Every structure is written in structure tokens, then in C-alpha cells.
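Here's the structure, in C-alpha cells; my notes come after.
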Amino acid sequence: MQETATLVIGDQKIQLPVIIGSEGERAVDISSLRKETGYITMDPGLANTGICKSNITFMDGENGILRYRGIPVEELAQHSTFAETAYLLVNGSLPTKDQFKEFSDLLTEQSLVHEDLKAFYGNFPSRSHPMGILSSMVNALRSFYKDLKIHNEEAINITLARLMSKVRTMAVMSYKISRGHTVAYPKPEYCYCTNFLYLLYHSPVREFDIHPLLIKALNIFWILHADHEQNCSTSAVRLVGSGRVNLYAAISAGISALWGPLHGGANQAVIEMLKNIQTNGGNIRPFIERAKDRNDSFRLMGFGHRVYKTYDPRAKIIKKICHELLNALELDDFLLDIAIDLEEAVSKDSYFIDHNLYPNVDFYSGIVLRAMGIPTNMFTVMFALGRMPGWIAQWKEDADNPNWKLYRPRQVYIGSKKRHYIPIDER
């Protein structure tokens with residue numbers, strides 16, 4: 001017998017079904033609430049509202065758990081690659097050797113972009129942010145490639161490979177062109193992450209020689225960012241996709257949502273905060289005290305999380321590779337020294353511990369990207385590249401849902417009651 005919840009409104013009492021997830025999560029199904037009572041629910045920020053049933057990603061903010069298709073992210077970061085994790089997210093299971101070989105070949109085949117796309121870059125103002133360019137360029141892909149009409153495994157993987165490879169190439173193109181540098185072509189002998197670093201660091205006057213730890217760090221960075229349940233950008237992809245727009249438009253919406261400093265732009269904000277500390281002599285104490293002052297709007301970027309009430313599981317993983325990278329590369333960077341001092345001071349401060357303000361994935365990812373030589377204005381683009389398979393998986397799940405509905409939230413109107421138009425001469 002299905003579990004129900006009883007809702008009492010005045011003299012009216014209704015029974016609402018309770019949905020139970022595979023990990024014991026419970027949700028009250030209110031889809032019939034307005035029809036039966038005339039009421040809607042109010043949940044600003046949607047912190048207590050489920051928008052879908054999903055079998056892609058499970059996260060438990062209270063216990064610091066994150067799993068993709070049931071597999072702990074810790075295991076994927078240790079044993080998998082970003083390309084294999086992308087396949088898992090979209091297809092639902094890890095690939096066999098043959099399946100992965102076929103998918104890897106697709107990533108290589110789809111890595112080139114139409115030469116006409118290069119003309120687009122020359123028409124953006126010189127100060128355009130790479131995220132704005134990327135959003136526009138992904139939308140433009142619809143002009144060159146057909147919509148995804150058939151949702152079989154082959155068509156899905158071709159589309160996944162196309163977006164992953166072409167967006168990777170376009171992201172590097174936007175950076176290289178902005179600097180007036182030559183744009184190289186991907187090499188078939190390199191894996192997905194190695195090819196990105198090759199494209200980024202390629203120089204016609206210098207041999208490509210990359211530290212293996214950089215490739216490992218990039219794989220881990222993208223695996224940790226591959227999906228994160230119904231966050232701002234993923235919800236945007238689902239919402240826009242519910243209008244049955246093409247996949248490229250839905251992904252473009254996700255990129256735009258990710259752009260904000262409270263979402264994907266947080267890792268860039270971390271570096272900007274560290275630069276501000278550096279400008280003020282590198283003394284971290286005033287900034288820590290300001291963050292603890294409730295009357296001060298200042299916040300330490302990269303600490304705390306909207307969902308996680310304990311240590312972000314992704315932060316534990318990227319913290320380890322972060323320190324490995326800094327030690328191996330022996331970098332002399334005062335900004336990175338400030339970050340390490342700040343991390344240590346906050347981890348020992350009772351205020352931050354009591355308020356669950358632990359370093360999150362954005363704090364360490366910003367440091368990792370800086371150590372890798374990624375320009376600060378490309379940080380959010382790097383996030384978008386990692387989130388691409390998650391967005392596609394979420395879009396596909398909605399598209400395959402026989403009960404797919406157009407998203408149409410409600411509101412409580414608090415404006416003026418009915419009033420009549422007054423001609424301009426009488427006002």
C-alpha cells in the first residue's frame with residue numbers, strides 16, 4: 001500500500017502520495033494540489049522542491065555523498081577517465097573495451113570544427129567574456145549540425161562526442177584567437193584531456209611536453225564537475241529543454257546559467273579574492289574577521305556549499321591532487337601561498353567549523369587551474385566543459401520521459417488589484 005501524506009487546509013483534508021527514492025529519499029507529490037484545493041506551494045529558490053525523478057546522480061548533502069549512476073565519485077576519480085565517466089553518465093553504465101574504443105574514436109572524429117565557425121570569433125568585441133562567446137558558439141552549432149531526432153545509443157554517443165570535442169576545440173580557439181596565436185588541430189594519438197592541453201599550450205616554436213600529473217589533474221577536475229544533480233545550470237537545461245528546443249539551445253542556456261559567480265564562476269571569484277588579499281599585503285586575518293562579521297557583506301569565496309552541510313566530497317579529492325600538483329611543479333606563486341595559508345587558518349577556526357564552512361570544490365579547483373596555467377577568465381569555461389556530459393544526460397532523461405511536460409512554475413501575485421487606464425492628459 002502506497003504511503004501518503006495528509007494535508008489539512010481549514011476544513012479540507014487531502015491525501016497526497018509519497019514518492020520514495022532508491023536511497024530512501026521521500027517526496028510529497030503535490031501535482032494535484034492546485035486542482036483539488038486551489039492552493040499552490042511557495043518555495044523561493046526551490047530548495048525543497050523536486051522537479052523530476054532521475055536515475056543519473058545521487059547526492060546526500062548531510063553525509064557528503066556523491067555518486068554517478070550509483071558509483072561513488074571517489075572511485076571514478078581514482079580509477080576512471082573523464083571520457084569514460086562521460087559515457088557512464090549518458091549511457092547509464094560503464095563501457096566495455098570495445099564500446100570505449102568506439103567512443104574514443106568518435107571523440108577524435110568529431111574534434112574538428114567547421115572552418116566557417118572561425119569567422120564568428122572575429123566579430124565578438126575584444127573584451128567579450130569567454131563564457132558569452134561559448135554560449136553563442138554552442139547555439140551556432142545548430143546551424144551546422146542537425147537536431148538529435150533518434151534517441152538510440154549510436155545517435156546519442158555521436159552527439160555526446162560532437163559536443164564534448166567541438167566545445168573543447170572552440171573553447172581553446174576563443175583563448176588562442178584572443179591572444180593572436182595560431183590555433184592547432186587535435187592529434188588522434190592523444191586522449192581527450194591530453195588533446196585539450198596540447199591545443200592550449202601548443203606553440204610552433206616549442207615542442208609539446210606536458211607533465212603527466214597535469215593530465216591526471218585535468219581528468220579529476222572534469223570528473224568532479226561532470227554532474228551535480230539539479231543545480232542552477234542543470235535545471236536551466238531541463239527547463240529550456242522542456243520547450244522541446246534543440247539540444248544545442250538547451251546546452252547554451254546551461255552555459256549562461258553557469259556563468260554566474262554564485263555557480264560556475266565561483267572558482268574565478270576565489271582567485272580574484274586571493275588577488276585582493278595579495279594587494280593588501282597578503283595578510284589573511286582581516287579578511288577572516290570580516291567574513292565572521294554578520295554586519296559585513298563580505299564572504300570568503302570557496303567556503304561552504306548550498307547543499308553540503310559537511311565537507312564537500314569533491315573537495316577532499318581535488319585537495320589531494322592540488323597539493324600533489326603544487327609539490328610536483330614546485331611553483332613559486334605568492335597567490336597559491338596565500339590560498340594554502342587561508343585554507344589552514346579556516347580549517348582551525350571554530351566559527352567556520354560550527355557553521356559548516358569548509359573549503360569546497362571551487363576553492364581548490366581555482367588553485368589547480370591556476371597551477372596548470374589556465375587563464376582566470378577561462379575558469380568557468382573549464383567548468384562548462386566538465387559539466388557537458390551531465391547536461392546531455394539530464395536533457396536526454398527528460399527527452400526520453402513519456403510524461404515529459406513543459407515546465408511552468410506558478411507565482412503568488414502581490415501587485416495592484418484591478419484598476420482602469422487613465423488617458424495621459426488626465427494623469
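Observations on the structure shown:
- Residue, farthest from the chain's Cα centre (by Cα), within the range 320-357, restricted to residues that are farther than 14 Å from ARG285 by Cα and among the polar types (S, T, N, Q): SER350
- Boolean, ILE56 is among the hydrophobic types (A, V, I, L, M, F, W, C), touching a residue at least 60 places away in the same chain (Cβ under 8 Å) and over 28 Å from ASN356 (Cβ atoms): no
- For the range 94-110, the count of residues that are buried (at least 16 other Cβ atoms within 10 Å of the Cβ), among the polar types (S, T, N, Q) and within 17 Å of GLN230 (Cβ to Cβ) is zero.
- Helices (runs of 4 or more DSSP H) contained in the range 333-393 and holding at least 3 residues under 21 Å from ASN219 (Cβ atoms): 361-371
- All told, TYR407 meets the bar of being surrounded by fewer than 18 Cβ atoms within 10 Å (Cβ to Cβ), farther than 20 Å from ILE321 by Cα and in contact with a Leu (Cβ under 7 Å, 6 or more places away or on another chain).
- Set side by side, the residues ARG306, ARG299, ARG244, ARG238 differ, and just one is charged (D, E, K, R) and touching a Cys at 6+ places or on another chain (Cβ under 8 Å), which is ARG238.
- The number of residues in the range 403-420 being basic (Lys, Arg) and under 30 Å from SER235 (Cα atoms) comes to 3.
- Answer residue from the range 311-332, given it is assigned to a loop (DSSP other than H, G, I, E, B) and closer than 18 Å to VAL270 by Cβ and is modelled with the lowest pLDDT among those: LEU331
- ALA226 vs. criteria within 16 Å of ILE56 (Cβ to Cβ), among the hydrophobic types (A, V, I, L, M, F, W, C) and touching a residue at least 12 places away in the same chain (Cβ under 8 Å): yes
- LYS309 vs. criteria of a type in the set (D, E, K, R), surrounded by 13 or more Cβ atoms within 10 Å (Cβ to Cβ) and within 30 Å of THR57 (Cα to Cα): yes
- The range 303-362, subset polar (S, T, N, Q) and touching a residue at least 40 places away in the same chain (Cβ under 8 Å), residue farthest from ILE277 (Cα to Cα): THR310
- Matching residues in the range 99-120 - criterion: being among the aliphatic types (A, V, I, L, M) and either touching a Ser or Thr at 6+ places or on another chain (Cβ under 7 Å) or in contact (Cβ under 8 Å) with a residue 24 or more places away in the chain (or both): LEU106, LEU107, LEU112, VAL113, LEU117
- Counting only strands (runs of 3 or more DSSP E) wholly contained in the range 1-49, the ones carrying 1 or more residues that are within 30 Å of ILE65 (Cα to Cα) and in contact (Cβ under 8 Å) with a residue 24 or more places away in the chain occupy 12-20.
- Filter pass, LEU258 being of a type outside the set (Lys, Arg), touching a Lys or Arg at 6+ places or on another chain (Cβ under 8 Å) and either outside the structural domain of SER365 (by TED's automatic domain parsing) or surrounded by 20 or more Cβ atoms within 10 Å (Cβ to Cβ) (or both): yes
- Enumeration of residues in the range 146-188 that are charged (D, E, K, R), modelled with pLDDT of 85 or more and either over 30 Å from ARG206 (Cβ atoms) or part of a loop (DSSP other than H, G, I, E, B) (or both): ARG162, LYS187
- Note on the range 248-265: residues that are in contact with a Ser or Thr (Cβ under 8 Å, 6 or more places away or on another chain) and more than 28 Å from PHE144 (Cα to Cα) total 2.
The values are calculated or read from the model by the stated rules, or taken from the named source; none is laboratory data. Quantities reported herein were computed from a predicted structural model and do not represent experimental measurements. For neighbour counting, all protein chains shown are included, and Cβ atoms are generated from backbone atoms with ideal geometry for every residue, glycine included.
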